[in-house]
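Notes for the one structure printed next.
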Amino acid sequence: MFNRTAILAVVACLSASRAHAQSSTPASLRSGHHVRPTISLDVGMGSIRGASAVFPGFDFGLQLSQRFTLGIAGTALANRSLTVPAAAGTGSDTVQFGYGGLRIGYTAPFTREVGISVSLLAGAGRAWVEGPDADADDEISEGLFVLEPSVMLELGLRRRIGLAVGASYRHVGHVGQPGLTSADLRGAVLRLALVGRFR
């Protein structure tokens with residue numbers, strides 16, 4: 001009788017412990033959520049020295065949970081019509097600019113399909129000018145650093161292909177050469193992105 005009572009007590013305790021563990025486990029873990037890769041292609045519209053600038057870019061990341069992502073991102077200036085006065089004092093040189101780095105993001109869902117994501121890109125890049133003779137480039141700066149926070153409205157959070165629209169602000173440092181400064185490369189950027197998620 002005693003053994004039977006003891007066995008029943010142990011079974012009851014184990015059952016209670018299992019139920020408590022399941023209730024305290026995050027829903028993402030109970031549903032078998034796993035790390036999955038994401039990739040996005042985006043285009044940004046901003047300005048440099050008061051002229052319109054287009055920035056196509058990419059982002060490859062890992063969705064660590066339903067809310068956090070970590071990845072790498074890069075973008076470059078597509079325009080070849082942005083110019084600065086030539087160092088020689090005659091004519092003008094074309095500005096070129098590109099950067100990339102590590103991006104960390106957090107998504108706050110409103111519904112199953114719509115949410116707001118905030119992220120921060122921290123990285124480095126290079127800015128230079130091209131003179132009239134493409135074989136005689138005048139380097140303006142290299143090793144510049146970039147910090148770029150962004151806020152995006154994401155549509156289709158549960159789908160393989162989603163859309164995101166929002167804005168970022170690009171902070172650039174370590175550029176201080178004649179004709180081109182860090183302030184010239186800083187500024188707000190409107191962004192549109194196509195997001196792909198692999199299950």
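Every number in this text was worked out from the coordinates using simple rules, so none of it is lab data. As the structure is a computational prediction, the values presented were derived from the model and not from experiment. Please note: Cβ atoms are built from the backbone with ideal geometry, for glycine as well, and neighbour counts cover all protein chains shown.
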In whole Hz, with x marking every Gly and Pro, tabulate ³J(HN,Hα) for the range 102-111 from phi via Karplus 6.51 cos²θ - 1.76 cosθ + 1.60, θ = phi - 60°. 8, 10, 10, x, 9, 10, 10, x, 8, 9
Measuring from label point to label point, each 7 Å out along Cα→Cβ, what is the A188 to I116 span in nm? 1.6 nm
